[in-house]
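Shown next, in structure tokens, is the structure this report addresses.
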Amino acid sequence: MNTEDIKFWSEVCQEIIEKSNLAVTPLVGSKEAGKIVKMGADGTPTKYIDLVAENKVLEVLEHIERPLILVSEEIGEVKIGDGQPEVMLVVDPLDGTSNAVKNIPAYGISVALAPILSDRKGPLTIQDVQMGLVKNFATGDVYGAIRDEGAFMNNEKLLASSIHDLSQSSLGAYVYRMDMEKIEKLCKTVRRMRILGSIAIELCYVADCTYDAFLDISDNLRVVDISAAKVILEESGGLVTDQYGQALQGKLNVLEKTSLIAACNSTIHKEIIRILGGIQ
């Protein structure tokens, strides 16, 4: 994409984020927010607050007059506008829904952008994402990155962590349905462990050095949920792979799943992989 296109789509993404924030905020902590209204395209229940957030995304995109493909948890994949789509926007309109329903301050929005080239063959994958934006609605913090241009939090450049000793590190993890015996040694090695329930925000916490690493080795993590934060973390100097140390290659659709090990730098990442080396 040229500079003008990057500016245009960046402004669109920012409008999506701000208008979704305004739509969601009055519902946070309310009984109405948590009502299940349907099943989403990803096969999980859609709560009312999810639907409100996604409808606001659609409202913004239907007025920009440039064709695109939207991939979102509740609606799945939909083409918007006439003509050849220019980009694919991968949006999680509300990351951390349960937190928002209970007013736990770790919930927000994730927006990733992948250009659609005219000679493209085959489906887009997470490797095609060139821009990512994540906002924690509860704190107001905004994280962003454009491939090869660095990562930023509230317009301040993010840099790689100086932590290289795993025993002094802070680890975030998703442990639901995980075999705890497999990660017992890792849990005993790190200094502290946190579980927040908002994957995009927690990956951004690795990027800004709040965490030093994050992992989800259940092989049940949606690729679309991490598409934006992955760019942000990598542009901050971090490293993101699957649990076997391989680059993520998942397709950009709501059904694609993966495992994930994300770390603030290669040293921490290698040590985690070493400790978890026997996982199958």
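The values are calculated or read from the model by the stated rules, or taken from the named source; none is laboratory data. Just so we're clear, the structure is a prediction, and the values are computed from it rather than from any experiment. Note: ideal-geometry Cβ built from the backbone for every residue, glycine included; neighbour counts use all protein chains shown.
Can you name the residue in segment 67-98 that is acidic (Asp, Glu) and touching a residue at least 60 places away in the same chain (Cβ under 8 Å) and is also nearest to GLY132 (Cα to Cα) among such residues?
Here the residue is ASP92.
Taking segment 243-258 only, how many residues are within 19 Å of VAL175 (Cα to Cα), surrounded by 19 or more Cβ atoms within 10 Å (Cβ to Cβ) and under 14 Å from the mean Cα position of the chain (by Cα)?
Here the count works out to 1.
I'm trying to understand the selection: among the residues of segment 224-234, which are hydrophobic (A, V, I, L, M, F, W, C) and either at pLDDT 95 or above or outside the structural domain of ALA262 (by TED's automatic domain parsing) (or both)?
ILE226, ALA228, ALA229, VAL231, ILE232, LEU233
Among the numbered conditions (1) under 16 Å from ALA114 (Cβ atoms); (2) under 18 Å from the mean Cα position of the chain (by Cα); (3) not polar (S, T, N, Q), tell me where GLU18 comes up short.
(1)
Collect the residues in segment 205-226 that are under 15 Å from the mean Cα position of the chain (by Cα) and among the acidic types (Asp, Glu), keeping them in residue-number order.
ASP208, ASP216, ASP225, listed by residue number.
Contact list please: Cβ distance under 9 Å, first residue in segment 197-221 and in contact (Cβ under 8 Å) with a residue 24 or more places away in the chain and crowded, with 24+ Cβ neighbours inside 10 Å, second residue of a type in the set (Phe, Trp, Tyr) and assigned to a helix (DSSP H, G or I), pairs at least six apart or on different chains.
TYR211/TYR205; PHE214/TYR205
Could we say that GLY172 is crowded, with 22+ Cβ neighbours inside 10 Å and modelled with pLDDT under 95 here?
Answer is yes for this residue.
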